[in-house]
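Accompanying notes for the structure given below.
The values are calculated or read from the model by the stated rules, or taken from the named source; none is laboratory data. For clarity, every value in this text was computed on a predicted model and none was experimentally measured. FYI the Cβ positions are ideal-geometry reconstructions off the backbone, even for glycines, and counts take in every protein chain you see.
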Amino acid sequence: MQRLGKFILMTLSTTILLVSMTMPAMGADVTGSWAMTVVTDAGSGMMSIVLEQEGDVVKGSITGDAGNASVNGKVENEVVTFGHSLPEYGVSANYSGALAGNTIKGTVDFADGAATGTFTAERKE
């Protein structure tokens, strides 16, 4: 009887381990509305961004002084990357930041390096 208990415990432990190894890692949830401040060597500005997350895929929209654009990106653990293009200006922007609570802080690159800087996004409650 004692041997049967050990066998069941070993089987259960092995099953839990295998299931946890095959499950995808859950990253941070960035779904929501964000107020974002961008500071670059070419100037600074405020933007609003709305993100929707499904798995590790992020989609949404960004609104600022330069206009509105669709956003596409991904979340990997606590790292959020996303980008958008501004066809009116012929430029694109790529963001990479780390999520900590309700704040994303990171770097931004406009027009393949024409302007670089930092951004901070705060989730709106």
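Scanning the range 74-105 for residues that are among the small types (Gly, Ala, Ser) and surrounded by fewer than 17 Cβ atoms within 10 Å (Cβ to Cβ), we see that the one that is farthest from the chain's Cα centre (by Cα) is Gly90. Of the candidates Gly97, Gly106, the single residue that is in a strand (DSSP E or B), touching a Ser or Thr at 6+ places or on another chain (Cβ under 6 Å) and either closer than 18 Å to Asp41 by Cα or not β-branched (Val, Ile, Thr) (or both) is Gly106. On inspection, Asp65 passes the criterion of being under 26 Å from Lys124 (Cβ atoms), at pLDDT below 95 and exposed (fewer than 10 other Cβ atoms within 10 Å of the Cβ).
Residues are listed down the side, and each one gets a yes or a no for (1) of a type in the set (S, T, N, Q); (2) free of Cβ contacts under 8 Å to residues at least 40 places away in the same chain; (3) under 20 Å from Glu122 (Cβ atoms):
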{"site": "Met46", "(1), (2), (3)": "no, yes, yes"}
{"site": "Leu51", "(1), (2), (3)": "no, yes, yes"}
{"site": "Val58", "(1), (2), (3)": "no, yes, yes"}
{"site": "Val71", "(1), (2), (3)": "no, yes, yes"}
{"site": "Glu88", "(1), (2), (3)": "no, yes, no"}
{"site": "Ile104", "(1), (2), (3)": "no, no, yes"}
{"site": "Val108", "(1), (2), (3)": "no, no, yes"}
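For Thr120, the criteria (1) more than 18 Å from Gly64 (Cα to Cα); (2) among the hydroxyl-bearing types (Ser, Thr, Tyr); (3) surrounded by 15 or more Cβ atoms within 10 Å (Cβ to Cβ) hold in every case but one, which is (1).
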